[in-house]
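Worksheet for the structure shown next.
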Amino acid sequence: MRSDYEDYLVDDNLHINWYPGHMKKTKELVRSNLKLVDVVVELLDARIPYSSKNPDIDKLAGNKPRVVILNKSDLADRNKLNRWINYYKQQGIKAIPVDTMKGSGLNKLIDECKNVTKEKMDALKEKGRKERPIRIMIVGVPNVGKSSIINKLTGRKSTVTGDKPGVTKGKQWVRLKGNLELLDTPGILWPKFEDQEVALNLAFSRAIKDEVLDVETLALRLIEKLMDIEPEKLKARYKLEELGETGLETMDMIGRKRGFITGRKELDYSRIAYTVLNEFREGKIGQISLEVPEDIK
């Protein structure tokens, strides 16, 4: 039996590739069920809207009405988040920031789904068709929060959720408030990463499992990125007067400041790595966005 870990190929330099057979099946599932839905809801991580976007979605969705959710908006830099909202607005797509912890933005999502399907639903009424629920499909990469959103929209724990990618399996219809029905699908990613910056951003946010990565190198890459884009927040979180000249120096400084020393009086790099990664993911370093629309290649 094939292990989930074999979906990833990671070389010594943290070069990440993805070759999952089940992702191909999910793409076929989306394609075959698109005719059943009225609107496609594309779920992105508000901190990495570009990196968490599956490029296949544009082709798969075609001319279907689409709504974009920028989930985990509470963890993103507000100014950068607004730039992403404007970016999608220029494309004629409503991007809605959502915080599933507080439930904010979910009513706007329901309203927008009704808005983009109003013409179709009105046409069905004119033909004398019986009113039916608006059918929605949510698509997105793993661990971006689909199950949590569904649970909030239904008001009950209707799907299995977890903090690791790939917990949601198979296909299921879920009845929502406001006469909506949702077709849930597993998260999907592309067959390979052509841009390693995208792969790293996904790994930083845990769309790629820590278990198959060199977390110490991954944390070092994150520290290097934060030194570049958010040096003040990095210094403030770890109470550093200055950052090191290199990412490794800064990593050492964080370790010493936190007292992450082994019994052999050596720095515990594993503990440093997991601390920095988890504190970024939980928003403890601050509201941080790793990319802006201008980064799109």
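The values are calculated or read from the model by the stated rules, or taken from the named source; none is laboratory data. Worth saying up front: this structure is predicted, and the values here are computed from it rather than measured. Virtual Cβ from ideal backbone geometry, glycine too; neighbours counted across all protein chains shown. For the accessible areas, the whole protein counts, side chains as well, though only heavy atoms, and no ligand, DNA or RNA atoms are used. Shrake-Rupley method; radii C 1.70, N 1.55, O 1.52, S 1.80 Å.
To keep it simple, each residue is scored yes or no on (1) assigned to a helix (DSSP H, G or I); (2) open to solvent by 50 Å² or more (accessible area, probe 1.4 Å).
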{"residue": "L202", "(1), (2)": "yes, no"}
{"residue": "R221", "(1), (2)": "yes, yes"}
{"residue": "K239", "(1), (2)": "no, yes"}
{"residue": "E249", "(1), (2)": "yes, yes"}
{"residue": "Y274", "(1), (2)": "yes, yes"}
{"residue": "G286", "(1), (2)": "no, no"}
{"residue": "S289", "(1), (2)": "no, no"}
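Looking only at region 223-237, residues that are assigned to a helix (DSSP H, G or I) and in contact with a Gly (Cβ under 8 Å, 6 or more places away or on another chain) come to 6 in all.
Determine whether region 205-216 contains at least one residue that is surrounded by fewer than 20 Cβ atoms within 10 Å (Cβ to Cβ), under 17 Å from the mean Cα position of the chain (by Cα) and in a helix (DSSP H, G or I). Scanning region 205-216, I find at least one residue that is surrounded by fewer than 20 Cβ atoms within 10 Å (Cβ to Cβ), under 17 Å from the mean Cα position of the chain (by Cα) and in a helix (DSSP H, G or I), so the answer is yes.
Considering only residues that are outside any helix (DSSP H, G or I) and open to solvent by less than 20 Å² (accessible area, probe 1.4 Å), which ones fall in region 260-272? Write out each step before concluding.
Let us first name the residues in region 260-272 that are outside any helix (DSSP H, G or I), namely 260-268.
F260, the sole residue that qualifies.
Within region 80-128, being outside any helix (DSSP H, G or I), of a type in the set (K, R) and farther than 17 Å from I149 by Cα holds for K94, K127.
One residue alone among K235, K257 is of a type in the set (D, E, K, R) and surrounded by 17 or more Cβ atoms within 10 Å (Cβ to Cβ), and that residue is K235.
Among the criteria (1) open to solvent by less than 10 Å² (accessible area, probe 1.4 Å); (2) part of a loop (DSSP other than H, G, I, E, B), the one N63 does not fulfil is (1). Restricted to region 119-128, and to residues there that are open to solvent by less than 70 Å² (accessible area, probe 1.4 Å) and not acidic (D, E), the residue that is farthest from the chain's Cα centre (by Cα) is G128.
Taking residues in region 269-282 that are without any contact (Cβ under 8 Å) to a residue 12 or more places away in the chain and farther than 16 Å from K209 by Cα, and partners anywhere that are of a type in the set (G, A, S) and surrounded by 17 or more Cβ atoms within 10 Å (Cβ to Cβ), not one pair has Cβ atoms closer than 6 Å while being at least 6 places apart or on different chains.
Let's see how each residue does on (1) open to solvent by 20 Å² or more (accessible area, probe 1.4 Å); (2) in contact with a Leu (Cβ under 8 Å, 6 or more places away or on another chain):
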{"residue": "Y87", "(1), (2)": "yes, no"}
{"residue": "I96", "(1), (2)": "no, yes"}
{"residue": "S104", "(1), (2)": "yes, no"}
{"residue": "C113", "(1), (2)": "no, yes"}
{"residue": "T117", "(1), (2)": "no, no"}
{"residue": "K130", "(1), (2)": "yes, no"}
